Amino acid sequence: MLHRCGFPAQNKMANIKLSVLDQSPIISGHTPQHAIQQTIRLAQAAEKMGYSRYWCAEHHSVMALADPCPEILVTRVAAATSTIRVGTGGVLLPYYSPFKIAEQFRMLEALFPGRIDLGIGRAPGGDQATAMAMGEGRYPSADNFPEQVQYLTAYLDDDLPEGHPFQQVKAQPAGPGSPQIWLLGSSDYSGALAAQLGLRFAFAHFISARGGDVVMRDFKKRYQPSAREPQPQALVCVFVICAETQEQAERLVMSVDLRRLNMDYGVNAPVPTLEEAERYPYTDADRQRIIHHRRRVVLGTPAVVKQRLLEIQTEFEADELMVITITGDYDTRLHSYELVADAFDLSSAS
């Protein structure tokens, strides 16, 4: 064990950073390979639109999501772009050796200096059987997550305590820069740990729509400055569907509604197309579940989406906003990001 342990709504638009979280969705009728190609397409477009970061998420044995190894996809995305920061949202650290993750991200930093983010999570990223397979028959516990994070940070920064048995172990390739580290979470656990360790914090509003503002304010209140981060830095990630009209947005969200129903019922299937979602025989119980899940979605016209995102930013006292969008086809997903970028005038702010 290592022994250490907002912008208000009236701010100028240029101060607002918007970023992208991409889960590489596999839409019904398309291959996983095509989903990855669409990730590259979206990343290149996001850079041109003026988004600040592009994060790739880790999931395992999920038929709707194509990326089990974001550390590899980050390399491809960074190579296909030139200025946007690229990272993970996130690496599921309980599965891995902190030293090996440090080596991977030191390599990424060497390849793409000043552009790499290391987002770290502790969720399983799949069902229990998959987690057991990842752990070679043992369920990977997150009990040691705080210690793993401390080791990972120390390896990245060559900062193990004097006299530590691993002090002579160096994560290569060494260099003056280091990836930004973000702890990801949808509860108070990661916020409290990020505050204790002096690391950046990202809250997943798209997973948990209630209580995140309290978690974020508590993170900033309890923050302990570190050499890495003298001041607390936090972002909130929001699920968004934006269209020219409210009616169009309400239609597009139906694919997400059915995708979340499938998750509730244990149906491991690709993201439904809009046509599949419209044909689905919803029960009254299904509709109640949809209403419940809609709390995690911001949808509507550019003006409506912009206003709600600004409200969330103020509620959370967040320094940055991140957007995740999934629809029943790749073109409307891309167009949603375009509309949001235009609403915030990102191209002129970048």
Identify all aspartates and glutamates with a Cα-Cα distance to K221 below 16 Å; exclude those on the same chain that are fewer than 8 residues away in sequence.
-> D188, D213, E229, E315, E317, D319
Net dipole in debye of the stretch 217-350 [+1 Lys, Arg Cβ; -1 Asp, Glu Cβ; about Cα centre; nearest 20] = 640
The stretch 116-127 - phi-based ³J(HN,Hα) in whole Hz, Karplus 6.51/-1.76/1.60, Gly and Pro as x = 9, 10, 10, x, 10, x, 10, 6, x, x, x, 7
Of all DSSP beta bridges located in the chain, what percent are antiparallel, nearest 5?
-> 5
Non-local amide H neighbours of G119 (under 5 Å, H modeled in plane, Pro and chain starts lacking H): which ones?
-> T88, V91, W182
Prolate/oblate/rounded label for the chain (Cα gyration tensor, a/c 1.5) | prolate
Over the Cα atoms of the stretch 232-350, what Rg and Dmax result, in angstrom?
-> 15.1, 47
One finds the C-alpha centres of the stretch 116-189 and the stretch 271-330 to be spaced, in Å, by 31
Amide H partners (placed H, <5 Å) of I324, local residues excluded | L21, V238, F239, V240
³J(HN,Hα), Karplus 6.51/-1.76/1.60, whole Hz, each residue of the stretch 182-188, x for Gly, Pro = 10, 8, 9, x, 10, 8, 7
Can you give the accessible area per residue of the chain, in Å², using a 1.4 Å probe?
-> 44
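The values are calculated or read from the model by the stated rules, or taken from the named source; none is laboratory data. Quick caveat: nothing in here was measured; it's all calculated off a predicted structure. Ideal geometry is used to build each Cβ from the backbone, glycine not excepted, and the neighbour counts take in all protein chains shown. Protein only, heavy atoms only, side chains kept; ligands, DNA and RNA dropped before computing areas. Shrake-Rupley method; radii C 1.70, N 1.55, O 1.52, S 1.80 Å.
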